[in-house]
Amino acid sequence: MTKSLIAILAAIALTVGPAVLQGRYSNRWGTPVDLTLAGEQLHQFPRELGPWQNLEDERPLSDAVCQELGLVEHFHRQYVHTATGERMHVLLMVGPPGRLVRHPPDVCYANRANEQLGDSEMLDVSGGRQRSQFELLRFRRTAQPVPSEFEVAYAFSVGEGAWAAPTSPRMAYGGEPVLYKLQVLCEGKSSTMQEDIEDFLSNFVTGFRAVLPGGKSQASDAL
C-alpha cells in the first residue's frame, strides 16, 4: 500500500468518523426507532412506586427548553409518600445524548439564585440485579426572605435498567442512540432528605425496569 493511499484512508477516517458521531449526537440522520419507542414508554411509567404515589403532574417543560435539550419526550411529576407526606419533584427526560448531557444540575440550579452547599456526593441505590449510582447535590435558595434548602439527585441511563452519573457523560454516552436523564428534587426535612431520596430512587429504579422491553420479568427478579 502506497504512502499516498494510506494518507487518503487516514483522512477519510478522520473526517467520516467525527461526522458520523456528530450526526448521532444531533440526530441528523433522522429519529431512530429506539427514540420513538423510548418516548412512548415514558407514558407507561407507573404512577405508584411502592409507598410513593403520583398525586399530580407539574408544569411540563416549555417547547423552547425541550428543543434546547433535544428531548423526544419527558414527564414532570410530583410523587408523595403516603405515610410521611414527603414530596419528590421528578423530571424524567429522553432523547439523543448530544444536548441532553450539556446541562448538569450544578450549573442549571446555580444560575437560578441558588447556592451550592459543599461538594456533591455519590449515592449507591439498589433496585434490581444491577446497582445504580446517582450524584447528589445540596442547594440553598438565597433569593427568598427565609432561605430554604433542597437536594437534587440525578443520573443517566441508556435503557438497560441501571443508572449512573459519570464524570464525563459526553464521553460515556456520546455514541448511544438513546439516553434517559433523571432529576429528582426533594425539599423536606433536612435531617431526612437524603434518606427520603434514596428510598424514592430505589423504588423508581425498579419501576423503570418494568417499562423496558422484557422489564416485567426483570422487575420481578428485583422483588
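Some points to look at:
- For the range 177-183, backbone phi angles converted through the Karplus equation (6.51, -1.76, 1.60; θ = phi - 60°) give residue-by-residue couplings of x, 8, 9, 9, 10, 10, 10 Hz, Gly and Pro being listed as x.
- Here the spin labels are modelled as points 7 Å beyond Cα on the Cα-Cβ line, and at A143 and S191 they lie 3.2 nm apart.
- Between H89 and T167, the C-beta separation translates, for a Förster distance of 25 Å, into a calculated FRET efficiency of about 0.45.
- Residues of the range 105-122 with amide N under 16 Å of the 7 Å Cα→Cβ point at A64: 112
- Spin-label pair N111/D57, simplified geometry with 7 Å Cα→Cβ offset, distance in nm: 2.6 nm
- Overall shape: rounded for the range 37-194, with the ratio a/c of the largest to smallest alpha carbon gyration tensor axis below 1.5.
No lab work stands behind these numbers, since they all come straight from the coordinates. Quantities reported herein were computed from a predicted structural model and do not represent experimental measurements. As a convention, Cβ positions derive from the backbone with ideal geometry for all residues, glycine included, and neighbour counts pool all protein chains shown.
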